[in-house]
Every structure is written in structure tokens, then in C-alpha cells.
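Undergrad: First the structure, then my questions, so here it is.
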Amino acid sequence: MFKRPSPADTDEDLEKFQEQFLASRSQPAAKLIKFKDANAGIPGEKTHFTEPKPSTSSGIATNKDVVSLGDLPAQKPPTAVVPPLKRSRFKRSRIENQNECVADVDPEIELDRHDSHITRVLTEIIEREFDAMPPYSPSGNVIGGFPKVLHRGDVKQTKPGEQGRKGRSLFAQQFARCPATDFGLPSQQNMAPLPLAGVQNNTALRSRVTERCTDHAMNEVDPVVVTNEIEQIDMENKARLESMTNDEILREQKTLLETLDPNVVSFLRSRSHMSQHHVRPSQPETENQQHASHRCTGTDSTADNSCSATKSTAGEGMKVDDNDMDVESTLSNEKIALMLESESGLKPPNNWLHMDKLEPEKLEWMRDLPQPTSDDNTTGKPARFDLNGALVNTNANIPMHLGLHHHADEPERGGYTLGELFHLSRSANIQQRALALNILAKVTRKAREGRFHGCVSAALVPAMVEGGLVFILRWALDDKTDNTMTAAVNALHALLVIPADELGLDRTLSWYKGHEVPCLCPEPVKVDDLDQKPSDAELVRSDMVKGLLQMSLLPRLRYILEVWQPHRITVVQILDILIRFCRHSTQLAYEVFKCPRLLDTVFRKFLTWKIPETWPDPLVTAYEFPCSRALKLVRVLSMASKNMASHIVSNYALMDCLLLYISQGQQQQVDGRHPELCELIVESYRTWKICVIYGLGARHYRDCYPMLIEQLKTSCQLDYNSSPHSLQLGCTVISFLESVVHAAAKNTHLLINQRQKSGLDIGSEIEHTEALFIPDLDWSHVTGLGEPLIVCLQRQLDELRCKYVDEKYDLSLIACCLNFLASWLERVPKMPKQDIVDIMDEMKSFCRGSLIPVLRSRSFSSVVAAIRKHSVIIGPVTDKNGEPLTSLPDLGSLMADKDTQCPVLEQGSTIHFVLAFVRLCYAMRMLKSDIADVCAALLHESELLQYLRQLCHANRAPHAKDYFAQFENRLQLVLVNLALCDQNGLDVALYHQVALNLLTHLHEGSECDVHHLLSMAIFNQDLLGDLQTATDPSLAISLSDHLQLQKPAKIVSASEEEIIIDKTQLLSDLSKNLISIRNTYLTAFGGRDRAVEQSKRRCEDSLRFPETLMLGRCGELLVPVDWVFLPLIEIYNGTCNMSEKRANERSYLPDSIATVTNSMRFIYFIEEYRSERLQLISYAVRLSRLVCVFMAGSDLFLDSGVQSYLAALLQHYSKPAILDRMHFNQPVPGLASFYDLYVMLLEQFGAVSFGDWLFSSYVLLPLQQRHDIMFRRAVWGEFSAVLHSLRLNITQIMVPLERFLEPEETELELLRMYFEALLSQAVTAGRTPLPYLIAVHHVNRFVFNQQHKHKKMAHAMMKHAIRMPDGTLQRHLLYYKLANKEKEHGMELYTVLPPQRHALIDSFRLS
């Protein structure tokens, strides 16, 4: 092995390496091959690489590279050389086959010829020959250094029929028409003449000459020699044809066709066909050609074809007639034009290219489109959308120039379907991708707003999400182009964000408890395998936001904000998406908080510490000016957790940033501010408010106290004519100061507790308590805020009383002032060094001068009347957003059938003002102020009472997804609290119904309100005025007569105790045990103690700061509508979960009797006096809850107190009106069906009932004839053993007897069961009178009915009845007339049978 030379080697080293290599005589790794003629051989054919022999013709040594110029002609050829001869594939193939047959071909060379390995490329280096290429120098007049540029339009195109050859390109036609000088070539006169007249017209001869030259291994061919040989061969062929007869020509032609390859024959015929249409008429036929044509003329078709084939080899200018040619190819141009015009309505001009062949399938799209038709009523048509995302009507005739028509399944309809948009969004074209994504964004936004409600058969957004829209958008976000990325952000924003929800939350932030917001997370899905991580698709279907989080959306959005720096609109949309992530839950907000560099980017890029003096309009960039949407993101992130808010305040200097925006913004006039600057100032106050609620940023309040007082004075001077920006800022400032009041009260209370624990006086000086915690904010810092607010409120209330009737305006500023004053009055009594007497006197003066005149004015009635108009609970039943997503919940702020927000959020809504007004009255009443006349006037206000009555009679299911309905709930709660303070002259039953209704409408986060209602209102003796009337001894007799209670004969239980049903006694017992009943229900709701504690912390009157301002999941109600049955369900579940040991010791849980009795007491009261509260609960559900008493233990139902209320409820449910509304096929929450529960009840009945009358009565309820037959089959078939225990007397049943007998039974299987039970004595008249009567009645009616189709079975029963040995049963079956409780066994019998029945019985006896 030789060492490879390196760059450090010198020339001497290289020479030394060469000598060593030559001395070793090794084979070189590469060899140089030189050819004499690069054009030798056949063009396009691989040449055999052979090592050239050394040339000695010149007598020069061969150890050097020598260029051999042998075999060249003596005369230099002209500049225009002869064009290379073309060869067909068949010719080249034949030559290759001939070469392969040569015996002296070296096999090694043949293998190397087909070798394509990389070693061949690296070892055989072929030097390119430049000697055979003559130099070319353009001639002619060249101006400017470059030849003249020719255009195709400079020369007319060849017209059909004009002299020319088919297949010539436009450039070839132009080259033929233009002089050579135009192309920089010498003219024809300056070139040497070439005798090539016959070469151009005979390609076959050129092929033969080239073949002969190749056989002789010619390297160079003289054009003159080639021309002479072509002429010689042509003359020989002509002479031979002259000497042959027609038969000889046909035989030779046949022989030639048999020996030739069929592919060659078809190729020659196609060439003959082509030459027929392109013969030059100006070129006359030679005499020999005419003679040959004459000799080939004949009647035989075979001869014609043979002659055609022969002539095609003789020249191109000869006309042929081939019968196998395509018909369409022989049509004239005029005929083709007519066919085009008839088929497609298009007449092509003569200068159109390649229109000589008709292709209808390609011209189909050029036809006129049919008129679009309306969609089919059965199948419909796919929805199509225009470029603005609007739905295109199915029969709309849209102009073509709008760009909505394309080649699709319905080309006549304009627009794009969702499938086509999905396909277009993955296009390789950037503009197409961006267009599709933008259209999808518009469609999604309109669909989320409910614009397509009722226009399409199915919801669009769920279908789009199921079709993979989320993944398409996520992939598009990774695109490297701005257009696609921007469009993807737009579409994702349309899918995730509902602007109406954000606007509603921003507006209600200054309302009472408006800072408490729900979590927008879907209902969690139960996962079987907790260890298995769900896929992206599964997570998107259950929780879209979590699915996007798993797909690394947050880092991508951060990268776009930090690196790409898109347009302002895209930045705002990204911030909105991040806000939606934060509103999902505290967990997702923390994911946004800890995303690397995300918060750093937000503060560095969009919350700059500099406010420019001038703001451009409109803003096009978000990177040079502070962005209010970024500040909102910080606010929403802070609302999720106090810890995150504290981290942001300390690490990002949030308070300094907020004070900078507020102070610099106030230096400009409000009307002259830029809208973005106004929004930035408002958002600064809102963010500061959230921090103050957590107890943060209190020190900055003291530092900015003068500025805030100045801003407060400015806000107090506003009126209803002020600008919207000024009113919005004023509301925000007052709402912020209200939160400062609460924070100061909490800090003061904390300081008081510390002093009390340390044994110090509450009023001791600060210097004596240096060891204690000194808060940055206490009550002394907010004492002076009340006076300017009271003055402002008096002026605004006077304006309301005088002007609101004539001019309706926004009452938000007055509502904020009322809320501030109410909060201040709630905190004052608990603060030290406060003169309560002076404050009470001031409030009395305020009531007489402002509140009472407003209450008695028409303006206040108009304000209260507006509540009913803008109520969500009692308003017209209107569907919400038409396309909800279970994986992406919303707040329900938009209506589906109109472009308006939730009624509570509409411009004319007054719910926030009435709530603040009532809250102020309640705060003054709790201050022990003498304002009883104000409270009475408010509670007796006619419009308010009408609103409350409509609430109680609405009978509408609670709107779980209507977050904004909580403000109505808070209004009802304050009204109930106010009614508890003074019941004189009030309709207390109305307010008790309001409390019951409110309990089932409270959302998660209101646990403390639920606890308050159960503790103070629901079981309050003062609100249960019905009990006082029912338990009054003087009214007991008249009440009993009025109710006309149906008292059955003496009722005895299985324990031989008499069951007494006395309504007055039961209600009196209820009235005495209200406290015990309240404790029972509080215990049933006692599993949420932690949630109640957290809810109390969020209340503004709490003494501790909250940990979060996020409530529970949106759409989740705290109390079910059947909450009155909840203790019974708890007892049953507890019994089922008891261990076996405990079950043997006791058949039911401890204190079960007291719990069940208390529950039955309150259920009975609700059914009798508050039945409207249970109208949403079906009777199947009610009974399913009541029978839990029988299934909770073996003897729990035998308790006398429990049995009394069960019997009273049974009496209530046995009323005909209620029995008619009772359906057991309705769904029962928590059960698969009522039938499954009934089967369990039958098993329990057979095991522990001992024929108890009460238990039997409840079992009989589903056995009425109007109910499903499966219940009767279960009793008479599978569980027929229970028939022995149904021993109640006919006179003891509360359900009318005819309901078990009518209509007559027609089911054959059940009739057979009746008859078998009678024959087997499973039911007898003495032991089981009611089942016996039912069976006799239906069997008697069946056997004597001759009109039904089942006479065979009826006749068989009749024969058995006639022949049965039991004479009593036989008499009952044959002589039964009708049911009668007064008769023996409850049935009336015929003394003498009717003639028809007698004749029928005689016929069977004789047979």
C-alpha cells in the first residue's frame, strides 16, 4: 500500500511517490480514455469503453497524451453542419441485438458496459472532447452587445391547411419564417451549397445509410458521400418497384409484415397516417411515385393496406389511405369546430392550438352551469359558506366573479363546505391555507354566537371539532409563514374565546360580588385506568383546553409573542387565548403562570414602563405601547390564586406599573385620551382591586391617597350625561375603594384580635404594641371616604327620581355608590372608636331625604319593572348558544336567536341597581336604624311582589349554565334576609317559597348561602305562616271539612297498631319539631364543611382574606331539585354500605328513625303547602325516594311516627288528579329504571312485610291497569309468592278500586296467570281479597266476551270453570257481575244469569 499524498508534501515527494508507483507496476485506480470522435456510433447509445491503442501515424512517441486528427476530411465543413441523423427506438434496439451477437465481444467488457456501481464512476474518467465541436461566433448586426430578442407574437401562427409539418413547435415555425440574420446566423447566400435535396424527404433512407456507416465503424461521415449513397439507394428502390408486378408487391409486403415486429408495423402505419395530413401540396409528385401509386390501386382492402405500408417506407410526401386510422383524427377542422360548438357551446377560433381533436371529458367543465336548486327535504345538501363565513343559500344564484365556484361535487353551487375547507387548509399553497383557516375562523365564530341556529340540521362546531379542527389549527400554528400562523391564531381564538362572556365579566366586575367568577372547566370524565395517560384526541373530546395544553400550545404561543412579534390583532388574540386558559381552573392558571418566559415576555413586551404622549390611531403594533389586554391577563391570573398574585406583585413590580399607568393617565383629559389608554387605566384599577381583596397593595393606597381622593371627587361629579369612558372609570374607582374598605376592616379586626390575645386594650396606642403586626391599611385610612359618597348618592338619587321615567339611562354609577355605602355600613359597627349613634342619625336623615322619596316615585317602579323584562329565570324561554361544547363550557352570555347578550347584561337591565338598593336597606336595618318604614315600603312594592310571584310560579328547571343569573339569586337572598327582619303585614308564605326556589338555583361557590337558607329561612317559624293556620284549634274543624279527607276504615299495621291519619295532628307535630328537622337537613348537607368554610372566606363580610376568587365549576348546581328526599337516600345508602356484622346487630343505622321521621314531616308539608316546588319532580321519582324507607331496614317502616306520615303521603298520592299524572316509565335519576327498583321492592316485601297494609298499598300503586303490563307480570308471574302477602281488605285501599279493573285485560299471558292463580288457590277470597277480585273480574270478562279473536283460549277456560270442583270459585267466575265494596268479597253476583251467558254455559255443558 502506498501512502496517500498530503498537502504538506513537496514536489520532490510527489515525484518520489510516482517513481515508486511505476516501479511496482501496479494497476492505477483511474484510467484516462480518449476517443477520436465523440459523435461516433448511434446517438443516445452507450459506447463500449475500450482502451485506445497508441497512435504512431505521426512518428511521435506515445508516452504522452496525443490528440489524433485522423479520418478527418481535407476540407473544413461549413458552419451549418448536417444535423445528426435521428434513429427510432426499434432501430437502436436492432443494432444493439446485432452487436450482442458478435462472437469476439469480450464478456468482461460486456459486464462493464452494464455496470453502474460507484467504483465505475470513480475509476473511469472520460475526458470531454472539444475538438469536434466547431467554434460558433454569431454574425449579423448586433446592437448593444446582445442579439435581437424575438417574441412569439411577432410571427403569425400556421393556419390549418397551411403548408407545414404536423408537430412543429411555434419556435420552429418562427425560425422557418424569419431570416437567419435575425438569429445571429449567416445568410443562406453566404453558406456553401449542400446537395441534400433528397435527405429531408426520406427519413428511411437516412436510417439505412447510417446503419451501413455504423456497420463499417465509420467515425466521421462526409455529407457529400452520404447524399450520394442516399440517392443511389433511392434509385435502386424505384427501379425494383418498376420491375415488380402487383402480385409480387403484395407477396413481398405480406412477407415483410410477417417478419417485422408488430410494434414496428403499428409504428410505420402511424407515421403513414401522420404524413397523409402534412404533405406539402406545392411539392409535385415524381413520375415514379405517381406510377407506383397507380399500380397499387385496386379493390382489395388487403392490397390497399399493404401498398400503404410499402409507400410509407418510400417517402413522407406520398398520400395513403389507412382504414385502421381513428375516425376523429380524419375530421376536418370545420367539422371539429361544429362538434365543439354543439357539445360545449364553444366555437374555437382558427388560431387555437391543438384543437383538432375533440375531448368532451376535458371540455365538460366549460359548459354553462345549471341553476342551483333548493335542497332535498329528505337528504338535504351540505352547508356551504362564503368567504365571510356566512351560510350560502342552496338555491342562491351567485355570480362567478366572486370566486365561490370551484370543481366540486356541486359545481353549480357557490361556497365551500367544511370538508373542502379542511382539505384546503392543508394545501401546499400558503394563500390557500390562510384563506381556508380564515374562513373556518369566521364560520366558527358565527356558529359559537348562534348565528346558524335553525339553519342547519346539526351543530357545526361539535362536528368540526370531531372532524379534527383542533389538530388542524395546532399544526397550522407550527407553520413557518406569517399568513398561516396568523390565520391559525384567528381560528383558535374563534373556537376558544367568546367575547360576549369576557365583556359580561368585565361589566359585572363592579357589581356586588362580581369579582367571584366560576371555573370554565367541563365535567370530569371517569377514567377506568388512572395510570394510562389519555391521548390527545381523547383529551380534546373531554376537555379541549387540557388537550391543547398537552399539545404544547403554551410554549408555542410564547415563542410567537417573543420571537415572531406579529401584528397587534394577533397579539391581542393570543392574550385572549391565554386568558381563556386561566379561566379554565386554578390548575390551568398555574400552568400558564409557570410556563417558561411567558410572564417575562408579557411584562417585558406589553407592560412597558413608559406611556407615550401621543397614541397613533389605529394601533398597528403591540410592542411599543402598553397593552390593556396583557394587564387583564395578569388580573385573571391573579384571581385564580392568592399565591400567584403575591408572586406577581413581588417579582414583577406590578403595583409600581399600575400606579404609573394611573398617574400618567390622569394627567390627560378623559375625553382626549386614546381608547386604549382609557382601557389601560380602567384595567389598572381592576387589577389593583383584585390585589387589595387578597390584602396586597395596601401600602400603595396610603401613598396614593391624595390622588385617589381627587379621582373620587371627579367620579362623584359625574351624571347620566357624562361620556361612557368617564362613567366606566368612575364605577371602577368606586368599586376599588369598596374593596379597600373591606381590606381595612379585615386588617383592623386582625389587629384587634392580636391585642386581645396579648391582654391589651383595644384602644391602646400603637407604641405599646410594637411587638404586634401593624398592617399597612386599617380602618382609619377609609373613615373619610363615606361623606363624599353620601353627598354624591343623594344627588344621583334625586336625578333618578326626576328623570329616569322620561329618559332611561345606565344606573351603574349609582349602583356602585349604593354598594360602597352598604359595605361601609356593614363594617362600621365592628370597628373601634366609631360613634354609632351619629351614624344612625345620619342614615335616618338620608332615608327621609333620599330613599323614601325614591321608593314612592314612579321611577323606582319603572326600575323594578325592568327586572322582569331582563330576567333570566322568568324571561321567555329561549335557547342559549345553539352549539354548546361539552369539552369547552361557556357562561351562556349569548342568545341563540338574536344578536344580544344575556338579558341581565343588556343595556336596559336594572338588576344591579335594585340589588344594591335592597342591600343598602338591609345594611341599614342590621345597623339597628329606625328605617322600618323604608323596609316595609320596599317589601310591599307592587312590581317587586309581582316579580317574586312569577319566580315562584315559573316551574322552570334551574339554569345551571347561566352564571349571570346569580345576580338575581343574590337579589332574592337579600330580600329573604330583609323579610326575616320584619314580617309585619308581609306575605311570609311568598318569601318562604322564594327561599325554597332559591335553594335549588344556587351555583357552586355559594355554599355559605345554602347553609344560611337552611339555618335561617327554610325552617324559620316566622316564614311558615301556613302552619299557624293549620294548627289553630279554632280552624281545625273547618279546615278538615274543607279538605274533605278520605279516611278509610280502621287501619292496622303488621304490628297490630292502629295507623292514625290526622292532618292537624301531623302539622302540629311538624311545627313542634322544626329545629330537629333543620338539624336533620343540615346534617345531610354536612359533607361540604370545607366548601362552606371557603365560601364564607370569599364573602365580603368575612374577617379573613380569601385564597382564591374562583368558584366551582360553571354549570354545577349545589342542591338538587329533590333535595327534600335527600336524608332518605342517605339512610338507604348507609344501610346498603353497612358491614355484615353491623347489619346483624341492627337492621338500620342509629338515629335512622328520627332522621326518617323528620324527613317525612317536611316532605308532607311540602306536598301539602308547597307543591309548586316539587312540580319539576315526577311522581315516579318521588315514590322511588319514599320506598327507600321500606328498603332501609326490616322494621323501620313499622315505627308509628313513620307509618303515620307514610300513610298521609299515600293518601295524598291517591288523589285522582295525581294518579292521572303518575307514570312509572319516566327516567329516575340514579336508577336504570323504576322497574328495577320495583323488583327489589317486591323481594323486600316478600321477606319482611308480613302482609303489612301500608307496605302492600305502596306495592299496589304500579299495578293499576293504566300502567305498564310488566309490573303486573312481575307480581303474578316471577314473584307470585308475594300474592300471599297482599292481604289488605278491599275497604282499606285508598286507590279507587276501578283503577285495578278498568280497562279490561287483553294480554293472554297475564290472563293465563290470573286463571292459574285462581285454580291453584294462590289467591283466595278470604286470604287475599283484592288480588282475588282482580283475577275473577278479568277472567270473567274474557270468557264471556265473544268479540275477541282468542275464542279458543276463552272456551278452554270456560270448560275448566264449568268442571272445577270448587263451587265457590265456579260461582264467582260464572255469576260475577261487577265490583262492589259493600258486597261480600267486594263483588256483586248475578242471581239469574242473562240469557246469553246461560245459553253459552249450557252449550259447553252439553259438548
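The values are calculated or read from the model by the stated rules, or taken from the named source; none is laboratory data. Note that the structure is predicted; figures quoted are calculated from it, not measured. A quick note on method: Cβ atoms are made from the backbone with ideal geometry, for glycine too, and the neighbour counts reach across all protein chains shown. Only protein heavy atoms, including side chains, enter the accessible area calculation; ligands, DNA and RNA are left aside. Shrake-Rupley method; radii C 1.70, N 1.55, O 1.52, S 1.80 Å.
Undergrad: Please work out if residue 950 is within 22 Å of residue 860 (Cα to Cα), of a type in the set (S, T, N, Q) and touching a helix residue (DSSP H, G or I) at 6+ places or on another chain (Cβ under 9 Å).
TA: Answer is yes for this residue.
Undergrad: A further question follows. Quick check on region 703-726. Is at least one of its residues in contact with a strand residue (DSSP E or B) (Cβ under 7 Å, 6 or more places away or on another chain) and not basic (Lys, Arg)?
TA: In the first step, residues of region 703-726 are kept if they are in contact with a strand residue (DSSP E or B) (Cβ under 7 Å, 6 or more places away or on another chain); the result is none.
So far as region 703-726 goes, no, none of its residues is in contact with a strand residue (DSSP E or B) (Cβ under 7 Å, 6 or more places away or on another chain) and not basic (Lys, Arg).
Undergrad: Considering only residues that are open to solvent by less than 10 Å² (accessible area, probe 1.4 Å) and aromatic (Phe, Trp, Tyr), which ones fall in region 593-619?
TA: If the condition is that a residue be open to solvent by less than 10 Å² (accessible area, probe 1.4 Å) and aromatic (Phe, Trp, Tyr), then 606 is the only one that fits.
Undergrad: Right, here's the next one. Quick one: would you say residue 221 is under 30 Å from residue 168 (Cβ atoms), part of a helix (DSSP H, G or I) and at pLDDT below 80?
TA: No.
Undergrad: Next question. Is it true that some residue in region 1354-1377 is assigned to a strand (DSSP E or B) and either over 60 Å from the mean Cα position of the chain (by Cα) or farther than 16 Å from residue 1297 by Cβ (or both)? So that I can check it myself, show each step before the final result.
TA: Here is the first cut: in region 1354-1377, the ones assigned to a strand (DSSP E or B) are 1376-1377.
Pick out the ones that are also either over 60 Å from the mean Cα position of the chain (by Cα) or farther than 16 Å from residue 1297 by Cβ (or both) and you get 1376-1377.
Within region 1354-1377, one or more residues are assigned to a strand (DSSP E or B) and either over 60 Å from the mean Cα position of the chain (by Cα) or farther than 16 Å from residue 1297 by Cβ (or both).
Undergrad: Residues being open to solvent by 10 Å² or more (accessible area, probe 1.4 Å) and more than 13 Å from residue 720 (Cα to Cα): count how many of those fall in region 807-825.
TA: 1
Undergrad: Please find, among 539, 548, the residue that is closer than 26 Å to residue 524 by Cβ and open to solvent by less than 20 Å² (accessible area, probe 1.4 Å).
TA: 548
Undergrad: Ok, one more. Here are the criteria: (1) in contact with a Gly (Cβ under 9 Å, 6 or more places away or on another chain); (2) modelled with pLDDT under 90; (3) outside any loop (DSSP other than H, G, I, E, B). Tell me which single one residue 934 does not satisfy.
TA: Only one criterion in (1) in contact with a Gly (Cβ under 9 Å, 6 or more places away or on another chain); (2) modelled with pLDDT under 90; (3) outside any loop (DSSP other than H, G, I, E, B) is unmet by residue 934, namely (1).
Undergrad: Pull up region 397-452, narrow it to residues that are assigned to a helix (DSSP H, G or I) and of a type in the set (Lys, Arg), then point me to the one that is nearest to residue 486 (Cα to Cα).
TA: Across region 397-452, the extreme among qualifying residues is 433.
Undergrad: Let me ask you something else. So residue 850 ticks every box in (1) within 27 Å of residue 968 (Cβ to Cβ); (2) hydroxyl-bearing (Ser, Thr, Tyr); (3) open to solvent by 10 Å² or more (accessible area, probe 1.4 Å) but one. Which box is left unticked?
TA: Status for residue 850: all satisfied but (3).
Undergrad: Has region 521-529 got any residue that is touching a helix residue (DSSP H, G or I) at 6+ places or on another chain (Cβ under 6 Å) and in a loop (DSSP other than H, G, I, E, B)?
TA: Going through region 521-529, the residues touching a helix residue (DSSP H, G or I) at 6+ places or on another chain (Cβ under 6 Å) turn out to be 521, 525.
From what is left, the residues that are in a loop (DSSP other than H, G, I, E, B) are 521, 525.
Taking every residue of region 521-529 in turn, at least one turns out to be touching a helix residue (DSSP H, G or I) at 6+ places or on another chain (Cβ under 6 Å) and in a loop (DSSP other than H, G, I, E, B).
Undergrad: Now a separate question. Only one of 590, 623, 661 is open to solvent by 10 Å² or more (accessible area, probe 1.4 Å), among the aromatic types (Phe, Trp, Tyr), touching a residue at least 24 places away in the same chain (Cβ under 8 Å) and in a helix (DSSP H, G or I); which?
TA: 590
Undergrad: Does residue 1385 qualify as being farther than 20 Å from residue 1302 by Cβ and either open to solvent by 40 Å² or more (accessible area, probe 1.4 Å) or in contact (Cβ under 8 Å) with a residue 60 or more places away in the chain (or both)?
TA: Here the answer is no, as residue 1385 does not meet what is asked.
Undergrad: Restricting to region 1056-1073, give me the number of residues that are assigned to a helix (DSSP H, G or I) and farther than 18 Å from residue 1153 by Cβ. Explain how you work it out, then say what you get.
TA: The first filter runs over region 1056-1073 and keeps only residues assigned to a helix (DSSP H, G or I), leaving 1063-1072.
Next, only the ones that are farther than 18 Å from residue 1153 by Cβ stay: 1063-1065, 1067-1068, 1071.
Matching residues across region 1056-1073 total 6.
Undergrad: Something else about it: Take the residues in region 826-846 that are among the charged types (D, E, K, R) and farther than 23 Å from residue 933 by Cβ, then tell me which one is least open to solvent (accessible area, probe 1.4 Å).
TA: By that ranking, first place goes to 827.
Undergrad: Can I ask one more? Take the residues of region 473-500 that are assigned to a helix (DSSP H, G or I), of a type outside the set (Gly, Ala, Ser) and open to solvent by 10 Å² or more (accessible area, probe 1.4 Å): which is nearest to residue 738 (Cα to Cα)?
TA: 499
Undergrad: Got at least one residue in region 925-945 being surrounded by fewer than 20 Cβ atoms within 10 Å (Cβ to Cβ) and closer than 27 Å to residue 1166 by Cβ?
TA: The answer is yes; a qualifying residue exists.
Undergrad: Continuing with this model, one more query. Restricting attention to region 442-487, which residues are modelled with pLDDT of 90 or more, more than 22 Å from residue 889 (Cβ to Cβ) and not aliphatic (A, V, I, L, M)?
TA: 442, 475, 478, 479, 480, 481, 482, 483, 484, 486
Undergrad: Would you mention how many residues in region 995-1030 are in contact with a Gly (Cβ under 8 Å, 6 or more places away or on another chain) and open to solvent by 20 Å² or more (accessible area, probe 1.4 Å)?
TA: Matching residues across region 995-1030 total 1.
Undergrad: Can you find a residue that is open to solvent by 20 Å² or more (accessible area, probe 1.4 Å), of a type in the set (Phe, Trp, Tyr) and modelled with pLDDT under 85 anywhere in region 1139-1151? Don't jump to the end; show me each part of the working.
TA: Filtering region 1139-1151 down to residues open to solvent by 20 Å² or more (accessible area, probe 1.4 Å) leaves 1139-1151.
Okay, now just the ones that are also of a type in the set (Phe, Trp, Tyr), so 1148.
Subsequent filtering for residues that are modelled with pLDDT under 85 retains 1148.
The answer is yes; a qualifying residue exists.
Undergrad: Scanning for something among the β-branched types (Val, Ile, Thr) and over 52 Å from the mean Cα position of the chain (by Cα), does region 1298-1315 turn up at least one residue?
TA: Within region 1298-1315, none of the residues are among the β-branched types (Val, Ile, Thr) and over 52 Å from the mean Cα position of the chain (by Cα).
Undergrad: I need the full set of residues from region 513-568 which are in contact (Cβ under 8 Å) with a residue 60 or more places away in the chain and of a type in the set (D, E, K, R), in order please.
TA: Result: 513, 516, 523, 536, 541, 543, 556.
Undergrad: Taking region 671-698, which residues are within 25 Å of residue 780 (Cβ to Cβ), open to solvent by 10 Å² or more (accessible area, probe 1.4 Å) and of a type outside the set (Gly, Ala, Ser)?
TA: Result: 689, 693, 696.
Undergrad: Still on this structure, please answer the following. Among (1) at pLDDT below 85; (2) assigned to a helix (DSSP H, G or I); (3) aliphatic (A, V, I, L, M), which single condition is residue 1129 missing?
TA: Only one criterion in (1) at pLDDT below 85; (2) assigned to a helix (DSSP H, G or I); (3) aliphatic (A, V, I, L, M) is unmet by residue 1129, namely (1).
Results for (1) under 22 Å from residue 1262 (Cα atoms); (2) touching a Gly at 6+ places or on another chain (Cβ under 6 Å); (3) free of Cβ contacts under 8 Å to residues at least 60 places away in the same chain, shown as yes or no for each residue.
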| residue | (1), (2), (3) |
| --- | --- |
| 1296 | yes, no, no |
| 1304 | yes, no, yes |
| 1318 | yes, no, yes |
| 1331 | yes, no, yes |
| 1337 | yes, no, yes |
| 1342 | no, no, yes |
| 1345 | no, no, yes |
| 1355 | no, no, yes |
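Undergrad: Here is a further query. For region 1240-1254, name all the residues that are under 19 Å from residue 1199 (Cβ atoms) and small (Gly, Ala, Ser).
TA: Once the filter is applied, which keeps residues that are under 19 Å from residue 1199 (Cβ atoms) and small (Gly, Ala, Ser), region 1240-1254 yields 1247, 1249, 1251.
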